[in-house]
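Remarks on the structure that follows.
The values are calculated or read from the model by the stated rules, or taken from the named source; none is laboratory data. Small disclaimer: the values here were computed from a predicted structure and weren't measured. Cβ atoms come from the backbone with ideal geometry, glycine included; neighbour counts cover every protein chain shown. What goes into the accessible areas is simple: the full protein's heavy atoms, side chains included, and nothing from ligands, DNA or RNA. Shrake-Rupley method; radii C 1.70, N 1.55, O 1.52, S 1.80 Å.
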Amino acid sequence: MAMATLQPTSAVRKAALGLLSFLNASPTPYHAAMEASVRLEKAGFCKLREEDEWNINPGGRYYLTRNQAAVLAFTVPKKWSAGSGLSIVATHIDSPNLRLRPVSKKTANGYLQVAVETYGSGIWHTWFDRDLGLAGRVIVNSNGSFHSKL
């Protein structure tokens, strides 16, 4: 008897492709935070700034970022009132990676090298057969004004 092959529904396929799109756009936590912010804006969330006074309304959708590396998003129930409580679901967007050391330029055995350090609990032996690239955030001094670039 032949086994039937299960095909994903269009909704499952769409969700999987959306996840792959997010992962491909997010080589670092900084990129993941930016991509999450873009998707939240498209979904109708309003960006808050920690230093501003917040005007939170029942039925509202809000998010904020910190240091370009963390995102917090929440919705407020339509029938919410102060003191009625709420639910929070959270996750984190950092992942194991190799990070450039603060003083990263090295020379050994006639080769110019870049010193890195591990971040997180990676399964490092699975990285040995992969091409490595460089991605992240740099702080740039432009006419005395510092800003970051991905």
TODO: Could you tell me which of the residues G144, G120, G110 is out of contact with any strand residue (DSSP E or B) (no Cβ under 6 Å at 6 or more places or on another chain) and at pLDDT below 85?
DONE: G120
TODO: Check whether at least one residue in the range 59-77 is touching a Ser or Thr at 6+ places or on another chain (Cβ under 7 Å), aliphatic (A, V, I, L, M) and either closer than 29 Å to K149 by Cβ or surrounded by 13 or more Cβ atoms within 10 Å (Cβ to Cβ) (or both), and report yes or no.
DONE: yes
Open item on the list: Could you check the range 1-58 and list, in sequence order, the residues that are more than 23 Å from V138 (Cα to Cα) and hydroxyl-bearing (S, T, Y)?
Closed with: T5, T9, S10, S21
Open item on the list: I'm trying to understand the selection: among the residues of the range 78-104, which are more than 18 Å from T28 (Cα to Cα), open to solvent by 100 Å² or more (accessible area, probe 1.4 Å) and either in a strand (DSSP E or B) or touching a strand residue (DSSP E or B) at 6+ places or on another chain (Cβ under 6 Å) (or both)?
Closed with: V103
Task: Filter result for R61 (at pLDDT 90 or above and either touching a Gly at 6+ places or on another chain (Cβ under 7 Å) or of a type in the set (S, T, N, Q) (or both)) - done: yes
- [ ] Within the range 43-55, identify whether any single residue is in contact with a His (Cβ under 9 Å, 6 or more places away or on another chain) and surrounded by 11 or more Cβ atoms within 10 Å (Cβ to Cβ), and answer yes or no.
- [x] no
Task: Flag for A135 being in contact with a Pro (Cβ under 6 Å, 6 or more places away or on another chain) and surrounded by 10 or more Cβ atoms within 10 Å (Cβ to Cβ) - done: yes
Task: Among residues of the range 105-128, those that are open to solvent by 80 Å² or more (accessible area, probe 1.4 Å), in a strand (DSSP E or B) and more than 30 Å from H92 (Cβ to Cβ), counted - done: 5
- [ ] Scan the range 138-150 for residues that are open to solvent by less than 80 Å² (accessible area, probe 1.4 Å) and without any contact (Cβ under 8 Å) to a residue 60 or more places away in the chain and jot them down.
- [x] V140, S142, G144, S145, H147
